[in-house]
Amino acid sequence: METRVAVISIIVSKADQVEVLNDLLHEYSEYILGRMGVPYREKGLNIISIAIDAPMDKINSLTGALGRLEGINAKVTYAKA
């Protein structure tokens with residue numbers, strides 16, 4: 001199956017969702033290349049970037065599931081071809 005490389009940008013504004021977020025990322029761990037998290041304490045936010053190499057349907061599924069969580073914003077950017 002053809003895969004795509006992408007970066008999922010996540011902003012967490014509700015700290016009580018972090019456990020659910022981590023559980024969801026664990027479900028897709030076989031596709032995740034790396035993860036970087038930056039706490040922004042002054043604003044009460046956490047900023048997370050996920051590098052992923054997966055089939056498009058998996059990337060879209062993960063991004064959609066993340067976006068449905070309260071207090072979490074997620075957007076995906078795909079590498080060209």
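Taking the C-alpha atoms only, the angle from helix 18-27 to the longest principal axis of the chain is near 10 degrees. Set against the labelled values (1) 17, 15, 11; (2) 22, 13, 10; (3) 36, 11, 9, semi-axes √(5λ) of the Cα gyration tensor in Å computed from this structure falls on (2).
No lab work stands behind these numbers, since they all come straight from the coordinates. Note that the coordinates shown come from a computational prediction; the quantities given were computed from them, not determined experimentally.
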